[in-house]
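Structure first, commentary second.
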Amino acid sequence: MSVMGSTAMHFDEEQSMLLDYARSFCADRGGLNAAREHLETPLEYSPAVWEEMVAMGWTGIGLPEELGGAGLGIGAAVPVAESLGKSLMGTPLLSTLLAAQLLLRADGEAAAEILRSIAAGQAACVAELESEDWNALPRNTVVDASGLLQGQKHLVMDAQSARWVVVVALVDGEPGLAVVDAESLSTDAVSPRVLIDNTHRAADITFDGVKPALLVSGAGVLGALRDYRLLGALLVAAESTGAAAACLDVTVDYLKTRKQFGKLIGSYQALKHPSVEILNMMDSARSFVYHASSLVGTDTLGKDQEVACRMAKAQATEALKFAGDRAVQFHGGMGFTWDCDAQLFIRRAQGAQQQFGDAQHHRQRLAALLLDD
């Protein structure tokens, strides 16, 4: 028996071109200086940069052409996510792509109008959590008998930027999706939350008798939610892999300039070896991420796809956590300060660990997938 299952990895010409352009675009528009400009602003990104992404069709990467998308498939978003991570850009693009996938897989025909607006550039997000348990189904957020949405969701990523909020709620007693136009929310419905990662934003949202623009229910919702979580893990893994590469660059630059006892600290074996370990972990994560991107498509994700997404998330977030920890340690006491760039990466690592399950969560599920046959 092959523990890995499928080991396919390939790119078509369009995906390769997207990878090259995404790297160039994000390097030009992002980076540490750009990230710092938005650390304490209401939005963590420049609206002008977002408009450029929309103009390039990035919001429709994973959607079919008949819905206004690029028809490349969600796997094509992986190089974009990696490039965003390397430049520490915190736009609502990943939340938008994932919300679109959830609607497309639950009932793309019913959600066609909203999906076209997302492809045209209207940001979206998914409101799922009612507690810290990623696996919990909705209990307290419900669509009542009069068709109004009641309840509260916590830590909704990019809620402040979204036009469409896809709410996981009880519809007729079963898990369903209530799509809310953010313009219909009251002014005090969205409460920003402070995250350890200042390059991203999240908020709690209170739904107090809001009329959803669309309700999706039925057997397809649970399968769509499962795919959404796996694809979310994959895109966060890609973003984390890019951030780990940027963290390594910052660390190596410091090792090549900082001197102690008249010698560059990069000449010491005790610092060389962990730096190489960061590179090895990052390269391994990148292999897992691009392997998974070669497998995911428009169909329901199967066992091979699930294994690949979980492996990518476990490896990539561990790689970023190790890279961020070493970066702070190598910078000494200065590494913990606000002015040192090293702390940006350890913050990003802590945030990425908690999105769509940490490494332990995914490895527990991988054990059952790989060893129970």
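The values are calculated or read from the model by the stated rules, or taken from the named source; none is laboratory data. Just so it is clear, the model here is predicted, and its values are computed rather than measured. For neighbour counting, all protein chains shown are included, and Cβ atoms are generated from backbone atoms with ideal geometry for every residue, glycine included. Protein only, heavy atoms only, side chains kept; ligands, DNA and RNA dropped before computing areas. Shrake-Rupley method; radii C 1.70, N 1.55, O 1.52, S 1.80 Å.
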Just need a number here: residues in segment 87-110 that are out of contact with any Leu (no Cβ under 8 Å at 6 or more places or on another chain), buried (at least 24 other Cβ atoms within 10 Å of the Cβ) and in a helix (DSSP H, G or I).
3
Just give me the residues in segment 160-170 being of a type outside the set (Gly, Ala, Ser) and open to solvent by less than 10 Å² (accessible area, probe 1.4 Å), in sequence order.
165, 166, 167, 168
Test: residue 290 is under 17 Å from residue 157 (Cβ atoms), buried (at least 21 other Cβ atoms within 10 Å of the Cβ) and among the aromatic types (Phe, Trp, Tyr):
no
Which numbered condition in (1) touching a residue at least 12 places away in the same chain (Cβ under 8 Å); (2) out of contact with any Ser or Thr (no Cβ under 6 Å at 6 or more places or on another chain); (3) more than 24 Å from residue 234 (Cα to Cα) is the only one that residue 261 fails?
(1)
For segment 330-349, give me each residue that is at pLDDT 95 or above, open to solvent by 20 Å² or more (accessible area, probe 1.4 Å) and touching a Lys or Arg at 6+ places or on another chain (Cβ under 9 Å).
346
Can you pull out every residue in segment 24-51 that is more than 15 Å from residue 118 (Cβ to Cβ), hydrophobic (A, V, I, L, M, F, W, C) and part of a helix (DSSP H, G or I)?
25, 26, 27, 32, 34, 35, 48, 49
Quick check: anything in segment 11-32 touching a residue at least 24 places away in the same chain (Cβ under 8 Å), out of contact with any Asp or Glu (no Cβ under 6 Å at 6 or more places or on another chain) and at positive phi?
yes
Enumeration of residues in segment 177-204 that are surrounded by 23 or more Cβ atoms within 10 Å (Cβ to Cβ) and under 24 Å from residue 107 (Cα atoms)
177, 178, 180
Across (1) farther than 15 Å from residue 96 by Cβ; (2) in a helix (DSSP H, G or I), residue 54 clears everything bar (1)
Look through 297, 351 and report the one residue that is part of a helix (DSSP H, G or I) and either in contact (Cβ under 8 Å) with a residue 24 or more places away in the chain or closer than 28 Å to residue 158 by Cα (or both).
351
Meets criteria (out of contact with any Gly (no Cβ under 6 Å at 6 or more places or on another chain) and crowded, with 22+ Cβ neighbours inside 10 Å) for residue 227
yes
Count of residues meeting criterion [over 22 Å from residue 224 (Cβ atoms), open to solvent by 10 Å² or more (accessible area, probe 1.4 Å) and not aliphatic (A, V, I, L, M)] in segment 56-82:
2
Would you pick out the residues in segment 114-133 that are touching a residue at least 60 places away in the same chain (Cβ under 8 Å), in contact with a Gly (Cβ under 8 Å, 6 or more places away or on another chain) and not in a loop (DSSP other than H, G, I, E, B)?
119
Might you check whether a residue that is open to solvent by less than 60 Å² (accessible area, probe 1.4 Å), in contact with a Lys or Arg (Cβ under 9 Å, 6 or more places away or on another chain), modelled with pLDDT under 90 and over 23 Å from residue 216 (Cβ atoms) occurs anywhere in segment 4-18?
yes
Per the filter on segment 145-177, residues charged (D, E, K, R) and modelled with pLDDT of 95 or more are 153, 158, 163
Can you find, within segment 134-159, the residue that is nearest to residue 356 (Cα to Cα) among those that are part of a loop (DSSP other than H, G, I, E, B) and open to solvent by 60 Å² or more (accessible area, probe 1.4 Å)?
135
